[in-house]
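The values are calculated or read from the model by the stated rules, or taken from the named source; none is laboratory data. Since the model is a prediction, treat every value here as computed from it, not as a measurement. So basically every Cβ, Gly included, is an ideal-geometry build from the backbone, and we count neighbours across all protein chains shown. For the accessible areas, the whole protein counts, side chains as well, though only heavy atoms, and no ligand, DNA or RNA atoms are used. Shrake-Rupley method; radii C 1.70, N 1.55, O 1.52, S 1.80 Å.
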Amino acid sequence: MKQARILVVLLAFALVAAACGSSDDTTTTAAAAATTTTAAASEETTTTEPEAEMEIATDFGVDLENGTITVGLLSDLTGFFSFLVQGVVDGYQAYVDEINANGGINGLMIELEVFDTVYQADNTVLGFNELKDQVVAFGHSVGSPQTLGIREDLEAEGILAIPLTWYSGWTDPTFNSNLIHHGTPYCLEAMNILDFLTQEVGTGLTLALATFPGDYGLDSAAGVDIATEALGIEIVLDMRGQILPGEDMTPIGEAIADSGADIVYVAADPNFTFPGIYQSAIAKGMEAVWTGAYPTYSTGYLTAEFAEEIERDFYGFAYVSPWGGDSVGVKEVRDLMASRRPDLPPFDYYSEGVLEAKILEAGLRRAYDNGDMTRAGVLAAVKSFTELDFDGLAPPESYVGTPNEQVQRSGWMVRFSAEDLAAGGSGTIIVAEDWTGPTAAAYEFNEACYFLGS
Amino acid sequence: MLAVANLEVVYNDVVLVLRGLSLEVRDGQIVALLGANGAGKTTTLRAITGLLDFHAGDITKGTVTLDGERIDKRDPSAIVRAGIAQVLEGRRIFAEMTVDDNLRTGAYTNRSGSKENYDRVMTLFPVLTGRRKDTAGYLSGGEQQMLAIGRALMADPTLLILDEPSLGLAPMLIQQIRDIIVDINQQGTSVLLIEQNAVMALSIADYGYIMETGKIVMDGVSGKLLADEDVQEFYLGLHGEGERKSFRDVKHYKRRKRWLS
Amino acid sequence: MRGRPLLYTSYEDEQALLPTWTKRIAVAVLLGFLVILIPFQLVPGFRFLGEGDWMTLLGLVAIFAIGALGLHILTGLGGQVSLGQAFFMGVGAYTAAALGGPSGKALLGLGLPMWVWLPAAGLVAAFVGVLVAPTAVRVRGIYLAIVTLGLVFVGQWLWINWVSLTGGSQSGRRFPNFEFRLWGEEGDPIVDLTADSVWFGVDVSGEVKTYLFLIVLLIVFAVVAKNIQRTRSGRAFMAIRDRDVAAEVMGVAEARNKALAFAISSFYAGVCGALWGSFIGLLIPESFSLFLSIQFLAILLIGGVGTVTGTLLGATFVTLLPRLVRDFTELLGDTAQGDGLFAGIADIFVSTGLDDFGLISTLPGTSPGFTVFQFNLILYGVLLIVFLVFEPLGLYGIWIRIKNYWRSWPFSY
Amino acid sequence: MTIPRSTLQAEFERTVEEYEHLLEFDDVSLSFAGVTALDEVSFSVDDNELFAMIGPNGAGKTSAFNCLNGVYKPQEGDIRWKGESILGTRPDQIAELGIARTFQNIELFPHMTVLENITLGRHIRTDTPWWNGALWLGAARAEEMANRAFAEDLIDLLEIEQWRAYPVALLPYGIQKRVELGRALAMEPELLLLDEPVAGMNLEETEDMARFILDIREELGISMILVDHDMGLVMDIADRVMVLDFGRVIATGVPTEVQRHPDVIRAYLGAELESE
């Protein structure tokens, strides 16, 4: 017993050390200095006084007396994807603050209740249970298995949740009674990227594939399969599902280098796994196009020791307009962050938070207009949009119709640029805007590309 | 030199073990402390040597003084430096270390005179000379006891406290240990001997204390104790005319000790 | 008055689980709280305990307490330090999923009713425990901890790679619901523990039903654990724990009893895993990680090794700690925002705005400081160390101290 | 199965079988990595005999006990219990044959109470399966009550009533020695091995222990092997004494003979006791 106690004390120290250590990681991707764009008050949102005579039905999360609407966020602030989710939450909060400053939803102020799920399924369930009777909807829910864990509960309670993941299943009606998709799913992203590279680099290409397990990596891999078949690209190394966080990434990087592929397609995470893979591959002298699923790469690399190589090798795809885009929608995001959070550096993921907030805002406004701000009312309102426009922040969304009609196909092809970063940008530059490749455009989307355990 | 006055010790804030114990060891004496198991002998020792803390015990009343100076608030190493060395019950040698290394640890507080002390130990215990490099754990019980005493002597104490040195030893070895204690005493070290073997202890002690339930119930010079009828019956197993009574004749119900009345 | 606890007229009275009226009444009151007053929101000032999310938390306490009782039998009584609890929970959970889960597109699932999958989860885990036991019997102390640590990694590998059973890494699978069916019939189950309904004219929510079910299970498992502890096998386990050679010389077969302790403990872990999976709904293979095992050892150490009461206290404490920390943080945040005497003090601990420094951040990401989760981990580690160093008997030891203090009050000893 | 509450004597009644000696050591040799612990040791113990083993520290007395218990396996020779060899039998099986033991350095279960320690001795005399106890079914309950009654009788016999519910680690040494004796007796042994039962005891406690040993033998008719350094005790109460030195038997006989044996005096007793 005594030895066991010593063991546990050591483990406990390790826990403490891990907790202390992880608090530093969250800011590693934040690069460069804050922009100095002058704050311009957004004048798009119109302020209407609540009409006293109108009857509004409510059940949970909407308090007409105090004038508040409470929305839950099941976020990952400490876990695996915390660095990007933090940016999403910052953007979300800033946009909500802006709405509230301009009179809220017909006078009702939106309040965000953020629950840190630490990217764990069991915590997500606890967070759901804690918040469900306080909120009218979940403004986002991070992680696919996490979100699937609460899917039946969402259905039972009739609550809307916006999954913060780009799994192709969200567009699939078997999964999505209370969930909505947004952005291009992983498998179509893969098709787009490979379409683009075929145009850019040429035909007769070879490809090395390495991904996470789970929906993220395997949905991506499913898209790679479809695209390689259509485009005649040969897969020379298939390590799908084999990137396991916490393990040594060197063998994967070396295998990729040994494969000598022209294109390396990776679906991993930018902080814990990708740098190891990339560095061990370029250490063996590999030169290839590196690309992959969206949150695999980070502009933080532009200040890392392999900055030059990543600038040379990287091609990526974004579902939401990156920071430096020209659309009205993304300009609005830049202005918003400059006025609300001048302390924060430019970062691509604010756009995602603003996009989610805009979907929610539109749903809340429509529910208000319908006179039904119950949870079911908000859900029905969101599910009734046939064309929801974001001024170019993201392609228009539709939540009505067949999966093939609903699914999002276009996005932004991007590269990294140290120059852009130095010039006060986020480090991401756009090489093709609102782009859809031929394979992606032709793909008949009837069901999820990859089935997540159900 | 050592004086314990009205000592009261409580364990875990709950169990009162010593209830106003007083005793004294004078220069050059061998003093025997006798008593049943659980009477508080070992606690007394711990109180003197500062080891109570390790057993969640506290001195709640009374004092311990060495040559007139309070030592009951000092920590164990300071007490050793002040000149009190002890041999714990059950020997507690460092079983994985060699005989020499064991002895060196004993000299920790007194490095200056370690050579003379080492020679002294080797003269007292010739049996250890041949086993200097052997691992202590492989020594026989008697040799381990000698090593434990030797280790205590390395600190060159003015007072040596021995806790049951005869425990578990064969009759012949008990005699040897007894002779060694007398030798050590004659070389000028005072001895406080805590023992179950009253015959052995009183045969060499100058003065004796008998302890029961946390108090001294009787004390006196050895001769006086040896002559006491109760001591004879309860500690020496004698009856009538100085005959040892057989264990076969032990009665179920014994006479009440007079000192309890 | 405490009565006269030592005056009994028969051994049966004294050997009873609850030998004194004081204890009987105390337990009856506690049960009344747990089964009636809390779930039906009848406790003034603590009505919130009966709300959905607290029912969920208390249900989780019950589940973890069952797993901890299993470890109590193996480690607390048997002295075999095991880090394998997460592995056996995984065995139980996936047995339940395979037997009780619906068959998905690529997933094993037989759709059997709960009265099959729940006991089976325990039995299969116990069987695996018996298979592992011979290895475990050969090693002890820290070495056993390392062997069982190996089990956790073997389990992780197996769960991640056996995709048709587990749904695969980062995907996971759904577990069967808490509902009673006879056999394979379609439509609504006889009793659905997750849906709201009306029982005897009283509204009972799904959470309350699940909670009541889990509490009843916990009581059964706790009584069985206590019975094992006070009868022949429990004594044999403790004897081996205290002195194995002496126990053998007394006629206690070491290998057999160690294996038995392993099997019983694994049964508890298996049931715990199945309940957990069903309760959460979806678990991924990564859920059964080393951290889970450590959490169970922590429950034992914080609660107090070797007692059922301590184990229950530990499970409650460890499971509720994150929530309590969060609620307390919110309270501090509110206090710091207001004015008054405590605002300044509270402000030291929490940071409520961009430039406000404090230990814990109430607006994670916006204000500096640890997030509640990080603070929890730290607190957890610190508590473990504090308990191990200062109160090896854990919460149970504190309880005994309080009891002894009042027993001899007003005398100090 | 239920054990009726009755006097200890009735519990210890047993059938008589045909055998020459209860226990026989036949040329037993044991060594550890070249160091000889027992060298061709032979002796026998009969029914209701109190046999003593003495000798210097490290002479092999405890090793002989460990061979007998099955903890060590001798390299040569044979150990027979009621005429049948018990070599290679596991310690717990040997315990079931009826051989109980106390230890030189008390081997009680420190975190268990006196009652639990003594009740553990009943392990081999009880057999309800574990699940019966787990569910507190009738058989287990009856067994527990019978165990309790049995243990209480022993507690009475050993006069340790007041310590009943204490964890043994908290008890004084002398009481622990008694509890250990009680635990061995709870096994209803036919042969009891006592390893230094009075070491570290003062005269008064030694007298108590002597009385218990004699009582047990008289009332329960258990054979015993006694190892101790207290020559007064050994010579007074043993029927026969065997002296070991460096693993060899140097003398066996009645106490008065052994006491006068020159080898014994030289190797063990020393000059003083001889003159007494």
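Things worth noting here:
- In the set (1) surrounded by 14 or more Cβ atoms within 10 Å (Cβ to Cβ); (2) part of a helix (DSSP H, G or I); (3) touching a residue at least 24 places away in the same chain (Cβ under 8 Å); (4) not polar (S, T, N, Q), C:Pro134 fails one condition alone, (1).
- Among the residues of the stretch D:99-130, the ones that are within 8 Å of chain C (Cβ to nearest Cβ), under 15 Å from C:Val249 (Cβ atoms) and assigned to a loop (DSSP other than H, G, I, E, B) come to 4 in all.
- Number of positions in the stretch A:423-454 that are in contact with a helix residue (DSSP H, G or I) (Cβ under 9 Å, 6 or more places away or on another chain) and either closer than 23 Å to A:Pro345 by Cβ or of a type in the set (Gly, Ala, Ser) (or both): 14
- Subset tally (residues that are over 30 Å from D:Met145 (Cα atoms), open to solvent by 60 Å² or more (accessible area, probe 1.4 Å) and outside any helix (DSSP H, G or I)) for the stretch C:7-58: 7
- Answer residue from the stretch B:94-113, given it is hydrophobic (A, V, I, L, M, F, W, C) and at pLDDT below 80 and is most open to solvent (accessible area, probe 1.4 Å) among those: B:Ala95
- Residue within the stretch D:190-198 that is open to solvent by 10 Å² or more (accessible area, probe 1.4 Å) and either without any contact (Cβ under 8 Å) to a residue 40 or more places away in the chain or within 28 Å of C:Arg230 (Cβ to Cβ) (or both) present: no
- Pick from the stretch D:220-245, criterion β-branched (Val, Ile, Thr) and part of a helix (DSSP H, G or I), ranking: nearest to the other protein chains (Cβ to nearest Cβ): D:Ile237
- Given (1) closer than 25 Å to C:Leu77 by Cα; (2) open to solvent by 20 Å² or more (accessible area, probe 1.4 Å), index of the condition D:Met112 fails: (2)
- Restricting attention to the stretch A:235-268, the residues that are crowded, with 21+ Cβ neighbours inside 10 Å and touching a residue at least 40 places away in the same chain (Cβ under 8 Å) total 10.
- Among the residues of the stretch A:206-225, some residue qualifies, meaning at least one is open to solvent by less than 10 Å² (accessible area, probe 1.4 Å), among the small types (Gly, Ala, Ser), out of contact with any strand residue (DSSP E or B) (no Cβ under 8 Å at 6 or more places or on another chain) and assigned to a helix (DSSP H, G or I).
- Looking across the stretch D:199-219, just one residue is facing chain B (nearest Cβ under 7 Å) and touching a residue at least 40 places away in the same chain (Cβ under 8 Å), and that is D:Ala199.
- Residue selected from the stretch A:65-79 under the condition open to solvent by 10 Å² or more (accessible area, probe 1.4 Å) and closer than 11 Å to A:Gln134 by Cβ, by the criterion farthest from the chain's Cα centre (by Cα): A:Thr68
- Only one entry of D:Ser85, D:Ser63 meets the criterion of being surrounded by fewer than 20 Cβ atoms within 10 Å (Cβ to Cβ), of a type in the set (Ser, Thr, Tyr), over 30 Å from D:Tyr166 (Cβ atoms) and out of contact with any Cys (no Cβ under 7 Å at 6 or more places or on another chain), and that entry is D:Ser85.
- The residue of the stretch C:198-224 that is nearest to C:Ala65 (Cα to Cα), among those that are among the small types (Gly, Ala, Ser) and either within 14 Å of chain D (Cβ to nearest Cβ) or open to solvent by less than 40 Å² (accessible area, probe 1.4 Å) (or both), is C:Ala222.
- In the stretch D:104-133, the residues that are outside the structural domain of D:Val227 (by TED's automatic domain parsing) and of a type in the set (Gly, Ala, Ser) form Cβ pairs under 6 Å with partners that are outside any strand (DSSP E or B) and open to solvent by 20 Å² or more (accessible area, probe 1.4 Å), at six or more places apart or across chains, as follows: D:Gly133/C:Arg232.
- Residues being free of Cβ contacts under 8 Å to residues at least 40 places away in the same chain, part of a helix (DSSP H, G or I) and more than 20 Å from the chain's Cα centre (by Cα) - total across the stretch C:109-126: 1
- Looking across the stretch B:180-204, just one residue is open to solvent by 10 Å² or more (accessible area, probe 1.4 Å), away from chain D (no Cβ under 14 Å), farther than 18 Å from B:Leu128 by Cβ and not in a helix (DSSP H, G or I), and that is B:Gly188.
- All conditions in (1) more than 22 Å from the chain's Cα centre (by Cα); (2) open to solvent by 40 Å² or more (accessible area, probe 1.4 Å); (3) within 14 Å of chain A (Cβ to nearest Cβ) hold for C:Asn177, with the sole exception of (1).
- Residues satisfying the stated conditions in the stretch A:323-377, i.e. polar (S, T, N, Q) and either open to solvent by 10 Å² or more (accessible area, probe 1.4 Å) or within 14 Å of another protein chain (Cβ to nearest Cβ) (or both): A:Ser327, A:Ser339, A:Asn370, A:Thr374
- Every residue from the stretch A:128-149 that is within 14 Å of C:Leu282 (Cβ to Cβ), more than 7 Å from chain C (Cβ to nearest Cβ) and either small (Gly, Ala, Ser) or in a loop (DSSP other than H, G, I, E, B) (or both): A:Ser141, A:Gly143, A:Ser144
- 2 or more residues within 14 Å of chain D (Cβ to nearest Cβ): qualifying strands (runs of 3 or more DSSP E) within the stretch B:5-71: B:15-25, B:30-35
- Scanning the stretch D:136-154 for residues that are assigned to a loop (DSSP other than H, G, I, E, B) and either at pLDDT below 85 or at the interface with another protein chain (Cβ under 7 Å from one of its Cβ atoms) (or both) gives a single hit, D:Trp136.
- Test: residue in the stretch D:249-257 that is part of a loop (DSSP other than H, G, I, E, B), farther than 27 Å from B:Phe234 by Cβ and not assigned by TED's automatic domain parsing to the domain that holds D:Glu152: yes
- The set of residues in the stretch C:241-255 being within 7 Å of chain D (Cβ to nearest Cβ) and either free of Cβ contacts under 8 Å to residues at least 40 places away in the same chain or touching a helix residue (DSSP H, G or I) at 6+ places or on another chain (Cβ under 8 Å) (or both) consists of C:Arg243, C:Val245, C:Ala246, C:Glu248, C:Val249, C:Met250, C:Gly251, C:Val252, C:Ala253.
- Hits in the stretch D:30-39 - residues which are open to solvent by 10 Å² or more (accessible area, probe 1.4 Å) and either within 23 Å of D:His229 (Cα to Cα) or of a type in the set (A, V, I, L, M, F, W, C) (or both): D:Phe32, D:Ala33, D:Val35, D:Thr36, D:Ala37, D:Asp39
- Of all residues making up the stretch A:181-202, the number that are under 14 Å from A:Ala442 (Cα atoms) and surrounded by fewer than 24 Cβ atoms within 10 Å (Cβ to Cβ): 1
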